[in-house]
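The values are calculated or read from the model by the stated rules, or taken from the named source; none is laboratory data. Since this is a predicted model, take the numbers as computed values, not measurements. Reconstructed Cβ throughout: ideal geometry from the backbone, glycine too, with neighbour counts over all protein chains shown.
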Amino acid sequence: MKAGSLVPVVTISLIVALIIAAPACAEKTHTITAGAGEGGRISPSGTVHVNHGDSQTFIVEPAAGYRIGNVVVDGRSLGPLSFYTFTNVREDHSISAAFISLTGALEVESSPAGASVFLDGIYLGTTTPSGPARFDRIEPGTHSLRLVLQGYEDYETGVTISEGVSTTIPLVTLVPIPTTIPTTSPTATQTTVPTTSPTATQTTVPTTSPTATQTTVPTTSPTATQTTVPTTSPTATQTTVPTTSPTATQTPFNATAPAETIPGDQGGVSAPRSPPWTLLVLATGLVATVILSRDLLSSHRDPSHPARYRALALVVLGIPCVVQAMALRAIIRSPGTGTGLFFELAVIAVPVCLYLVLSSFGLIIGALLSWPFRGMLKAHTVAGAIMVFLSIFSLARGDDPEPFLTALLLLSGLLAALGARWQEGQYAPAGGPGVPALAGAEVPLDSEVTRALSPRGQGMFPAELADKYSSIEFVGSGGLAHVYRAINRNTGGEVALKIPLRSDETTGKSFMKEIRGWEGLYHPNIVRVNEANILPIPYIEMEYIRRTLADLPKPLPVREAARICRDLCRGLSYAHEHQVVHRDIKPHNIMVTDEGVPKISDWGMSKVMGVPGMPTVTGFSLAYAAPEQLAPGTFGETDRRTDIYQLGCVLYELLTGRVPFPGTDMAQVSTAILSEMPPPPSEINPEARPLDEIVMRCLEKRPEDRYQDAAELERDLDLFLSRASQYDDLDIFEDP
């Protein structure tokens with residue numbers, strides 16, 4: 001065959017080969033294996049199939065009590081990442097996440113086994129004969145460990161617990177408590193020192209020593225006490241003090257040494273016991289600091305607090321503070337036992353009195369700032385009540401060494417408790433009208449701000465719903481309502497609850513309108529409403545989704561942004577078919593499930609078309625506002641095309657990382673929305689060029705120039721997604 005005739009044959013063969021290979025390449029996909037260790041999860045997980053050339057984002061989320069330890073991608077350690085994106089996938093990959101517990105563990109073993117284990121005075125369990133007993137979820141830091149077993153001496157030591165680490169205590173061998181039998185020494189030597197004292201104290205120490213010495217020491221004590229101390233010491237000394245006292249008392253002690261005495265001109269005096277003041281002061285200051293910090297993080301100023309009460313609060317809280325400080329000073333400086341009170345009473349009264357002084361200063365500052373330190377007010381009331389009880393108990397004994405001082409403590413405690421109760425009554429109930437700082441604030445439902453407010457949730461949650469829901473947690477607030485995460489007691493499912501901030505007419509109209517427009521919408525791309533009611537209070541129960549579209553990093557890959565908006569079009573089409581227009585489409589109102597499904601939420605701005613007399617509440621996010629929302633006289637009333645404009649703003653932001661008309665000047669932004677066109681997305685992100693026409697058509701000023709319904713926009717986005725998939729699969733044939 002001639003060379004010239006081979007050219008057509010080779011050309012035809014190549015064309016046939018390309019035609020056969022193209023479908024196989026077009027269908028080529030890659031797998032990404034994703035997994036997470038104990039303490040969290042990675043979304044999506046398992047085996048994820050990704051089209052050739054596509055991008056895939058994985059989100060790493062730690063569980064409660066854990067943090068992200070490390071993310072490993074294709075065998076490479078990348079550290080504690082919260083998300084990772086595979087771009088332009090052309091081969092198989094793997095990603096895994098490991099988590100570190102925020103608490104530690106403790107392993108204890110004793111011989112013999114069965115000892116009770118106490119950590120900082122809190123019972124944990126008992127040791128076992130089969131090996132070390134393990135105790136989990138222990139706060140990191142230095143703790144005091146104590147082992148107690150009947151018939152054995154207590155074992156105490158310090159132990160340091162580290163985050164995510166199990167600390168093992170070496171085998172503890174408990175020491176039995178010795179049992180001794182007093183014996184009589186075979187020989188004894190008595191040394192007598194003459195005395196003229198009418199009384200004396202005789203102390204006898206029996207011993208097993210072969211020799212003993214008896215010594216008599218003169219004393220001026222008015223009574224005679226004979227104390228016998230058994231011991232196993234090889235040598236001992238027996239001291240005898242003759243006395244003329246008609247009576248004597250013999251007291252046995254299970255001890256190894258006699259009580260310490262201080263010699264002086266007046267004879268032997270027992271050394272006073274001294275409470276651990278340093279430890280008590282530190283513990284009291286720590287408690288006050290923790291309570292104050294919790295109040296600072298979980299509450300807000302209440303500007304509605306009347307100013308006249310601030311001056312009165314200085315008197316109501318200041319007087320007890322001065323009295324408490326005087327009482328505390330008198331306790332410390334009084335003679336006698338070193339406290340002026342019974343030892344047991346002083347150990348409790350001093351830290352309580354010190355706390356009342358510290359707490360009074362905090363409450364005075366809170367009163368001046370109109371800041372409702374509710375936790376500190378409650379603790380202050382309890383501390384005052386404890387002080388009243390201790391004082392009454394001390395006075396009731398009848399032999400109080402310092403009755404005036406005890407009466408001063410009684411007065412200070414009573415004033416402290418009454419003052420705290422009065423101050424607490426000046427603030428509105430938590431979560432009620434007295435929380436204007438949160439009203440109207442635009443707070444993302446999963447932001448760091450709302451996480452810091454989480455401990456405040458149960459304080460704000462209405463008592464009327466407490467029987468129906470459990471495990472209440474404050475999630476955030478936005479617009480006119482609070483949002484909570486809770487467990488429905490009847491179904492056991494995790495739900496989100498939306499409850500109005502206030503009980504005024506405007507809020508009521510908006511909430512009723514939201515219930516009417518949202519309750520009948522059941523679609524995969526609309527957040528599902530489980531229940532809505534106005535009794536016993538207005539509320540909406542809906543499915544709980546932990547994050548919003550605003551939480552995703554932007555810009556997103558072009559295909560991912562188009563897919564999200566395509567799915568949102570389906571939800572809007574369904575709502576429009578049911579004559580409901582949302583009118584407030586924005587990333588904060590779009591929830592995203594762990595599987596990446598977008599769902600439209602927050603229908604408080606919705607409009608039910610064709611319903612006369614339906615109340616309307618004006619309000620929207622300016623950055624996503626349509627021209628007809630700003631100038632209805634020029635562009636007409638809002639309708640389903642308003643949602644299309646706002647969805648175009650969302651798509652613009654997903655592609656470029658910014659809104660079409662950014663800025664903080666309301667007048668300037670409003671003017672731009674009414675009279676200017678934003679630059680095409682491709683000028684900011686060149687990869688978005690195929691979507692320029694779709695986005696710019698959504699953002700047309702006149703509603704009649706936009707897409708006329710969401711279904712039409714959905715078709716164009718579907719067409720782009722199908723074409724993009726084909727182009728991505730065939731780009732391997734392009735020349736470099």
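Cβ-Cβ under 6 Å, sequence separation 6+ or interchain: first residue in the range 664-678 and among the polar types (S, T, N, Q), partner part of a helix (DSSP H, G or I). Which pairs?
So the pair list comes out as Ser670/Leu630.
For the structure I just gave you, tell me whether Glu494 is under 21 Å from Tyr574 (Cβ atoms), modelled with pLDDT of 80 or more, of a type outside the set (Ser, Thr, Tyr) and surrounded by fewer than 18 Cβ atoms within 10 Å (Cβ to Cβ).
No, not satisfied.
Identify, from the list Glu107, Glu91, the residue that is part of a loop (DSSP other than H, G, I, E, B) and either at pLDDT below 90 or out of contact with any Leu (no Cβ under 7 Å at 6 or more places or on another chain) (or both).
On the way: Glu107 fails: part of a loop (DSSP other than H, G, I, E, B).
Just a single option satisfies the conditions, and that option is Glu91.
Name the single residue, out of those in the range 312-359 being over 18 Å from Ala385 (Cβ atoms) and of a type in the set (S, T, N, Q), that is modelled with the highest pLDDT.
Here the answer is Ser334.
So that you can scan it fast, the table gives a plain yes or no per residue for (1) without any contact (Cβ under 8 Å) to a residue 40 or more places away in the chain; (2) more than 23 Å from Ile590 (Cα to Cα):
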position	(1), (2)
Cys649	no, no
Asp692	yes, no
Lys701	no, yes
Tyr707	no, no
Glu712	yes, no
Leu719	yes, yes
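Of the numbered conditions (1) buried (at least 16 other Cβ atoms within 10 Å of the Cβ); (2) over 25 Å from Ser477 (Cβ atoms); (3) β-branched (Val, Ile, Thr); (4) at pLDDT below 95, Thr656 satisfies every one except a single condition; which is it?
Only one criterion in (1) buried (at least 16 other Cβ atoms within 10 Å of the Cβ); (2) over 25 Å from Ser477 (Cβ atoms); (3) β-branched (Val, Ile, Thr); (4) at pLDDT below 95 is unmet by Thr656, namely (4).
Only residues that are closer than 30 Å to Phe83 by Cα, in a helix (DSSP H, G or I) and over 28 Å from the mean Cα position of the chain (by Cα): list them for the range 508-561, please.
Of everything in the range 508-561, those that are closer than 30 Å to Phe83 by Cα, in a helix (DSSP H, G or I) and over 28 Å from the mean Cα position of the chain (by Cα) turn out to be Val558, Arg559, Glu560, Ala561.
Would you mention how many residues in the range 69-88 are in a strand (DSSP E or B), at pLDDT 90 or above and either surrounded by fewer than 15 Cβ atoms within 10 Å (Cβ to Cβ) or among the hydrophobic types (A, V, I, L, M, F, W, C) (or both)?
6
Filtering the range 15-61 down to residues that are over 38 Å from the mean Cα position of the chain (by Cα) and at pLDDT 70 or above, which residue is surrounded by the fewest Cβ atoms within 10 Å (Cβ to Cβ)?
From the range 15-61, those over 38 Å from the mean Cα position of the chain (by Cα) are 15-30, 51-53; that's our starting set.
From what's left, at pLDDT 70 or above: 15, 28-30, 51-53.
On the way: Ile15: 10, Lys28: 13, Thr29: 13, His30: 18, Asn51: 18, His52: 20, Gly53: 20.
Here the residue is Ile15.
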